[in-house]
Amino acid sequence: NDYVLVFNGDLVDRGPDSDRVVATVARLLAQAGPERVRVTFGNHEMGVLTPDRFGWGGWYSGSRPPAQRRAFVDRVRAGHVVAAYGGYRVTYAHAGRPDPYDPGVLNAQLAAAATDLGAAIGTPEDHGAQLAAIEAYPDVLGLGGRTGRGPGAGVAWLDFAHLPADAPPQVVGHTRHNQPTRKGTVVCQNVIRNNVNWEGGEAVVVETPESLVALVREADGGVGVQELSLPGSGSGSDGDPGGT
């Protein structure tokens, strides 16, 4: 009851059983309560909302029927899926932002985008609404270029290379690394994609008021601890209690 569990985006399209991942998170939301579980909005969650933009029909995100897309819209509007989450000293977002931002503002933009998109799902206006939402909400949905990840991308798409060392204190995912990586006051926790074919790979970042550490699954099945102290970091908040 003293922690918030944050899934930092891209729950789906990262293995053969996305349905089971989604069901597990839904169960945790039901058991622990939404104030204790948050999902940040990644580019593959965006694929559920705007499938026509990406052509990911062979992937889970790009092949959801209208009913599942509407259910996801409801999750966003309820605040279970957010653009960013403020911890004690860092903000959690799938890809992050180079400049200071208010998680609450981005979360409101994501909810507004989901509302716009939800009204069009399964109608002749669906395709146009998807493209319009990407243009209308660039801080969240922006791709930063035709293929995404560019320097002007939104909080779901920005590549770690475009986060400067003086970016706000954040924990992000999105860009793959061999181990949790710190640049200034930004930590990228995404190690699973580079290590998918061997026994290690997972990393969990644990934040308390005094520390930030990564628990990393090693190749031999053990767990290593990596200190991730952040100099001069401050805190954002989306108004939820507890740490991360």
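The values are calculated or read from the model by the stated rules, or taken from the named source; none is laboratory data. All values derive from a computational prediction rather than experimental measurement. Glycine gets a Cβ as well: all are built from the backbone with ideal geometry, and neighbour counts include every protein chain shown. Heads up: the accessible areas ignore ligands, DNA and RNA and are worked out on the full protein's heavy atoms, side chains in. Shrake-Rupley method; radii C 1.70, N 1.55, O 1.52, S 1.80 Å.
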May I ask you to list the residues in segment 85-125 that are hydrophobic (A, V, I, L, M, F, W, C) and closer than 19 Å to Gln68 by Cβ? Leu110, Ala111, Ala113, Ala114, Leu117, Ala119, Ala120, Ile121
For segment 32-45, state whether one or more residues are more than 16 Å from the chain's Cα centre (by Cα), over 24 Å from Pro138 (Cα atoms) and open to solvent by less than 30 Å² (accessible area, probe 1.4 Å). yes
In segment 67-95, what residues are assigned to a helix (DSSP H, G or I) and β-branched (Val, Ile, Thr)? Val73, Val76
Among the residues of segment 61-68, is there at least one that is over 17 Å from the mean Cα position of the chain (by Cα), open to solvent by 50 Å² or more (accessible area, probe 1.4 Å) and among the aliphatic types (A, V, I, L, M)? yes
Go through (1) closer than 24 Å to Ala78 by Cα; (2) open to solvent by 30 Å² or more (accessible area, probe 1.4 Å) one by one and return the number of the condition Gly142 breaks. (2)
Matching entry among Asp139, Asp126, Asp102, Asp116 (being under 17 Å from the mean Cα position of the chain (by Cα), among the acidic types (Asp, Glu) and more than 28 Å from Glu210 (Cα to Cα)): Asp139
Given (1) surrounded by 23 or more Cβ atoms within 10 Å (Cβ to Cβ); (2) out of contact with any Cys (no Cβ under 9 Å at 6 or more places or on another chain), where does Gly96 come up short, assuming only one miss? (2)
For segment 148-170, pairs from a residue that is within 13 Å of Val187 (Cα to Cα) and in contact (Cβ under 8 Å) with a residue 24 or more places away in the chain to a residue that is buried (at least 24 other Cβ atoms within 10 Å of the Cβ) and of a type in the set (Ser, Thr, Tyr), with Cβ under 9 Å and 6 or more apart or across chains, are Pro168/Thr91; Pro169/Thr91; Gln170/Thr91; Gln170/Tyr92
Where residues in segment 105-124 are more than 16 Å from Val6 (Cβ to Cβ) and not hydrophobic (A, V, I, L, M, F, W, C), which of them is most open to solvent (accessible area, probe 1.4 Å)? Pro124
Mind counting the residues in segment 54-78 that are closer than 20 Å to Pro124 by Cβ, of a type outside the set (A, V, I, L, M) and out of contact with any helix residue (DSSP H, G or I) (no Cβ under 8 Å at 6 or more places or on another chain)? 2
Condition check: farther than 15 Å from Ala78 by Cβ and either of a type outside the set (S, T, N, Q) or in contact with a helix residue (DSSP H, G or I) (Cβ under 7 Å, 6 or more places away or on another chain) (or both). Does Gly33 satisfy that? no
What tally of residues in segment 46-66 results from selecting those that are part of a helix (DSSP H, G or I) and farther than 14 Å from Gln130 by Cβ? 1
